[in-house]
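Participant: One structure, pasted below without further comment.
The values are calculated or read from the model by the stated rules, or taken from the named source; none is laboratory data. Only a predicted model underlies this, so the values are computations on that prediction, with no experimental measurement involved. Glycine gets a Cβ as well: all are built from the backbone with ideal geometry, and neighbour counts include every protein chain shown.
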Amino acid sequence: MTRSPLAAPVAPGDKRAGVLLIAVSASAFGAMAIFARFAYASGADVYGLLAVRFSLAAVALVAVMRARGIRLPPRRRVLALAAMGGIGYVGQSFCFFSALNHAQASLVALLLYLYPLFVTLLAAVFLQERLTAATVSALLLCSAGAGLTVGGGQGSALGIGLGLAAALIYSAYIVVGARLTAGVPPLATTTVVCAAAALVYGAAGLLRAAAGVPPRFPGDLGGWLALLAIALLSTVLAILTFFAGLQRLGAARASMLSTLEPVVTVVLAALLLGEQVGWTQALGGTLILVGVLWLARRGQAEGVQGGRRAASNQQN
């Protein structure tokens, strides 16, 4: 679904549409933490919230797949993707949404966005990708930003630990997924992952109910609307618009624009939740985003150089 750096030029109208689509996606993802806080305030817990989120998202994504005529991959690949969703995505989502109960939404969002740093380190260790001086500089920038963000944010040690765990698990999910999802339509991948996560949270809810602690759901209309927004806006719409923008802009540009996501969370948390964002946290968040942009630009430059080398080899 991504374009080669040497592919035919994209029309200006497509680029503008791509920017708008990625902006919508990042905004929808960024609002998810805010919706979650409203759902929690109405009585939901993490198990009830995530069971409904993934169940509704899976149903909606299956409907989109059928409408577009997209088929599931072979059974063996489906099982691998289901394991990825049932373990990796379940772990990441549980840590992220649990962290929101113990730390500021803005702090949790900025900590999650350390995942490009962790992905780069994991790729260097397990995929033997070379760490350049520019990459190391970007990683140091992200690390310094993380230190300032944690120091300037409000949250317990548990909340900070869960936020960092969410970023680390998501990084492993991406590195593993880079191999497991090869050749599979992204929409099919996302549908299987969400369905697997829905099954895991549904089973967890049944086990907790049997133990006398059933999952809790919102107790009022506002809470249910927030939960529906998480499933349909911050999951389905966010995913579909991201892939649509990805087709028009390519992976590197889409990744850069996605740094809007934690910015949206921080702004909404300040406006709707009354969270105070001090200068230390603001500076730390800025350093994280600058480091992420640097990593994205490095990936784009290496992609262009690799494409030029391939073209030169073909000519020779």
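Participant: Output the number of the condition that residue 70 fails; it satisfies all remaining conditions of (1) touching a Leu at 6+ places or on another chain (Cβ under 6 Å); (2) in a helix (DSSP H, G or I).
Facilitator: (2)
Participant: Can you find a residue in segment 127-150 that is surrounded by fewer than 19 Cβ atoms within 10 Å (Cβ to Cβ), free of Cβ contacts under 8 Å to residues at least 12 places away in the same chain, charged (D, E, K, R) and touching a helix residue (DSSP H, G or I) at 6+ places or on another chain (Cβ under 8 Å)?
Facilitator: yes
Participant: Another question, then. Looking at residue 50 and the list (1) at pLDDT 95 or above; (2) touching a Leu at 6+ places or on another chain (Cβ under 8 Å), which single condition is not satisfied?
Facilitator: Among (1) at pLDDT 95 or above; (2) touching a Leu at 6+ places or on another chain (Cβ under 8 Å), residue 50 violates only (2).
Participant: Tally up the residues in segment 47-75 that are surrounded by 12 or more Cβ atoms within 10 Å (Cβ to Cβ) and in contact (Cβ under 8 Å) with a residue 40 or more places away in the chain, please.
Facilitator: So the answer is 20.
Participant: While we're here: Within segment 154-193, can you find the residues that are of a type outside the set (A, V, I, L, M), part of a helix (DSSP H, G or I) and farther than 17 Å from residue 83 by Cα?
Facilitator: Going residue by residue through segment 154-193, those that are of a type outside the set (A, V, I, L, M) are 154-156, 159, 161, 163, 170-171, 173, 177, 179, 181, 183, 185-186, 189-191.
Among the residues that remain, those that are also part of a helix (DSSP H, G or I) are: 159, 161, 163, 170-171, 173, 177, 179, 186, 189-191.
Listed by number, the residues that qualify are 159, 161, 163.
Participant: Restricting to segment 106-134, name every residue that is of a type in the set (Phe, Trp, Tyr) and modelled with pLDDT under 75. I'd like the intermediate steps shown before the answer.
Facilitator: The first filter runs over segment 106-134 and keeps only residues of a type in the set (Phe, Trp, Tyr), leaving 113, 115, 118, 126.
Those that are of a type in the set (Phe, Trp, Tyr) and modelled with pLDDT under 75: none in segment 106-134.
Yes/no matrix, rows are residues, columns are (1) buried (at least 21 other Cβ atoms within 10 Å of the Cβ); (2) under 14 Å from residue 35 (Cα atoms); (3) over 16 Å from the mean Cα position of the chain (by Cα):
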site	(1), (2), (3)
203	no, no, yes
213	no, no, yes
224	no, yes, yes
231	yes, yes, no
234	yes, yes, no
239	yes, no, no
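Participant: Given the criteria assigned to a helix (DSSP H, G or I) and at pLDDT below 75, does residue 252 qualify? Even if it seems obvious, please write down each step before you answer.
Facilitator: Details: assigned to a helix (DSSP H, G or I): yes; at pLDDT below 75: yes.
So residue 252 fits the description; yes.
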